[in-house]
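To keep things clear, I will list the structure first and then write my remarks on it.
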């Protein structure tokens, strides 16, 4: 993958992290938040962050 593809991947993953954080906030505002769902989103956020790390390394930053 080229530099532009890695940069696009990083932007996309950051956007997904933001979306998941909003989902978590909305879920926590409920009377009975689904903790399993929140854990799932947190796991995905960690996976996205690892993807960002890898793409950043490939960019040589």
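The values are calculated or read from the model by the stated rules, or taken from the named source; none is laboratory data. The model shown is predicted, which means the values in this text are computed figures rather than measured ones. Backbone-built Cβ (ideal geometry, glycine too); neighbour counts: all protein chains shown.
Couple of notes before you dig in:
- Being in contact with a helix residue (DSSP H, G or I) (Cβ under 8 Å, 6 or more places away or on another chain) and either on the phi > 0 side of the Ramachandran plot or in a helix (DSSP H, G or I) (or both) is a description that does not apply to residue 15.
- All of (1) part of a helix (DSSP H, G or I); (2) at pLDDT below 95; (3) exposed (fewer than 15 other Cβ atoms within 10 Å of the Cβ) hold for residue 47 with one exception: (2).
- Single match in 39, 11, 16 (criterion: exposed (fewer than 13 other Cβ atoms within 10 Å of the Cβ), within 15 Å of the chain's Cα centre (by Cα), closer than 21 Å to residue 59 by Cβ and at pLDDT 95 or above): 11
- The set of residues in region 29-41 that are part of a helix (DSSP H, G or I) and out of contact with any helix residue (DSSP H, G or I) (no Cβ under 7 Å at 6 or more places or on another chain) comprises 35, 36, 39, 40.
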